[in-house]
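K.L.:
Quick one: this structure, given as structure tokens, is what I'll be asking you about.
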Amino acid sequence: MTTTNLAPISIDELEFGREKITQTELDHVIDLHEAYLKRRPRGVRANLKLRDLSYLNFTGRDLSEADLSGAKLLGSNLRGAKLIGTNFFAADLRNANLEHTEFRRADLRGASLRGANMNDAIFIEADLRGGVMLRPGKGGELKQLTFNDGKVDMGSATAQRADMSRAKMSNSFILQTDLTDAVLSNVRFIRADLSFSNLTGATLDGADLTEANLSGANLQGAVLSRTCMMYTNLRDADLIGAIIDSVDLSTADMTNAHMAKSLEDLDETLRDIVAAHVEWIGSQGRKGRRADLSKHDLTKQDLSGLNLSASNLGYSIMRGISLAKISLVMADLSFTDLRDADLSNSDLRGINLSRATLTGASLIGARLGPVELAGSTVSHWTTNLESARLVSCNLTGADLRGARMGRADLTNADLRDADLREVTLQDATLNNADLRGAKLDGADLRGVIGLKGEKPPT
């Protein structure tokens, strides 16, 4: 059997024979397709293969199971559309608005998503591997309709909070893409190019990154548990604050990668650092110096009862350590790994715990309310728990008044008798959270997921 190398189709030839569809024509096609999906008489499955649908409006419509292979959707608005199992093979979706769009099990092989807005979109089990479509050129010969050599191109796109669980993305081109807080669990990224992409807070547990290029990528606060990283390129990648459990990095290229440092790398002992910090607090900054233990591994340390207020502990690893009755007023613990830590009865007023991971931690009776600031232009300093992971966290009786908890994950959290008055919980997740006896007066509950029962008056 012999094969013939086919030349990619030119831009001029790409438009050859492509039919331009108007908005009115598109609406009629979708009406018939939605009738088809509901098994109504006269319903017809949509076939928009190779059509020019640029800049048209698909907002909120249902084109599940439709054929849009090779279609041109440049700059189109598909916000909130339902596209389950839809065929987008080699489609052109550059600069399209795909916010909140559902691509569950869709075929996007060889498609171009460069510059698209995919924030909050659903790509669960979608196929985003490479693919090549053949079509006749002007002279009748077969030509390749491809983008970026047939690889799915997501370069310069944004996909914040997108859910791509179990998607197939081997050989994809995802250069400089914003995947902040994206759910990428069990995704196959084999030989994918994710170089210089922003994966801050992304969930990559169980993902296969074999031979993937993550050079220069930002993985701060990302979850990399059980991730396969055989021969993965992590040169110059930022892994500070990332959750890395059960991961074999022996074959990965870690040249100049940024990770938490050991306490042995410090110029002085932990005891001396704490002593200098206590003196700094007592003298109101005239003596001693502020403790800076950021980006260090503090696992197995006992810091209970200490006064580390206003210290810098951001991006550190503090998993399972004892912090009971500690004072961390206005301290910075952003991106810190505090899984299973004991923070019971601690003073955490005004603390910065944004994007911190507190899964399984104990904050029983903790004080997380605001700090009153006398003689300042602002009257109080609120606690920051935005985008924090508080799964199965025990917050029984905790004082969280006025805290900022937007997009925090409180799944299975114990919030019994907690004071949540005036708390901002916008877009937070409260699946199976126990709120018995909790005070929610004045709380901002817009977009909250999983809140049971009637919402209190605001």
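The values are calculated or read from the model by the stated rules, or taken from the named source; none is laboratory data. Quantities reported herein were computed from a predicted structural model and do not represent experimental measurements. A quick note on method: Cβ atoms are made from the backbone with ideal geometry, for glycine too, and the neighbour counts reach across all protein chains shown.
K.L.:
Criterion first (assigned by TED's automatic domain parsing to the domain that holds ALA96, touching a strand residue (DSSP E or B) at 6+ places or on another chain (Cβ under 9 Å) and among the charged types (D, E, K, R)) does ARG45 satisfy it?
P.N.:
Considered against the rule, which asks whether it is assigned by TED's automatic domain parsing to the domain that holds ALA96, touching a strand residue (DSSP E or B) at 6+ places or on another chain (Cβ under 9 Å) and among the charged types (D, E, K, R), ARG45 comes out as yes.
K.L.:
At pLDDT 95 or above and in a loop (DSSP other than H, G, I, E, B), is that true of ARG104?
P.N.:
It is true that ARG104 is at pLDDT 95 or above and in a loop (DSSP other than H, G, I, E, B).
K.L.:
Further question on the same structure: For the range 165-201, which residues satisfy the criterion of being in contact with an Asp or Glu (Cβ under 7 Å, 6 or more places away or on another chain) and outside any loop (DSSP other than H, G, I, E, B)?
P.N.:
Within the range 165-201, LYS168, PHE173, VAL183, ARG188, ASN198 meet the criteria.
K.L.:
Specify which of the listed residues (ALA252, ALA257, ALA222) is among the small types (Gly, Ala, Ser) and either closer than 30 Å to HIS100 by Cα or in contact with a helix residue (DSSP H, G or I) (Cβ under 9 Å, 6 or more places away or on another chain) (or both).
P.N.:
One residue alone meets the criteria, ALA222.
K.L.:
Further question: Going through ASP347, ASP302, ASP342 one at a time, which residue ends up being at pLDDT below 95 and outside the structural domain of ALA202 (by TED's automatic domain parsing)?
P.N.:
Values: ASP347 fails: at pLDDT below 95; ASP342 fails: at pLDDT below 95.
ASP302 is the lone residue from the list that is at pLDDT below 95 and outside the structural domain of ALA202 (by TED's automatic domain parsing).
Here is a yes/no grid of residues against (1) surrounded by fewer than 24 Cβ atoms within 10 Å (Cβ to Cβ); (2) under 15 Å from LEU415 (Cβ atoms); (3) among the small types (Gly, Ala, Ser):
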| position | (1), (2), (3) |
| --- | --- |
| MET330 | yes, no, no |
| LEU348 | no, no, no |
| LEU363 | no, yes, no |
| LEU368 | no, yes, no |
| GLU386 | yes, no, no |
| GLY397 | yes, yes, yes |
| ALA403 | no, yes, yes |
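K.L.:
Condition first: closer than 24 Å to THR359 by Cβ and either buried (at least 20 other Cβ atoms within 10 Å of the Cβ) or in contact with a Gly (Cβ under 9 Å, 6 or more places away or on another chain) (or both). Can you find one or more residues in the range 245-254 that meet it?
P.N.:
Within the range 245-254, not a single residue is closer than 24 Å to THR359 by Cβ and either buried (at least 20 other Cβ atoms within 10 Å of the Cβ) or in contact with a Gly (Cβ under 9 Å, 6 or more places away or on another chain) (or both).
K.L.:
Say we look at the range 264-292 and pick out the residues that are surrounded by 15 or more Cβ atoms within 10 Å (Cβ to Cβ) and among the aliphatic types (A, V, I, L, M); which of these is nearest to the chain's Cα centre (by Cα)?
P.N.:
ALA291
K.L.:
State all residues of the range 110-129 that are over 20 Å from the mean Cα position of the chain (by Cα) and either surrounded by 24 or more Cβ atoms within 10 Å (Cβ to Cβ) or aliphatic (A, V, I, L, M) (or both); if no residue qualifies, say none. If you could, list the steps in order and put the result at the bottom.
P.N.:
So the first thing to find is which residues in the range 110-129 are over 20 Å from the mean Cα position of the chain (by Cα), and the list is 110-112, 129.
Within the range 110-129, GLY110, ALA111, SER112 qualify.
K.L.:
Restricting attention to the range 157-164, does a residue exist that is on the phi > 0 side of the Ramachandran plot, in a loop (DSSP other than H, G, I, E, B), charged (D, E, K, R) and outside the structural domain of SER112 (by TED's automatic domain parsing)?
P.N.:
No, that holds for no residue.
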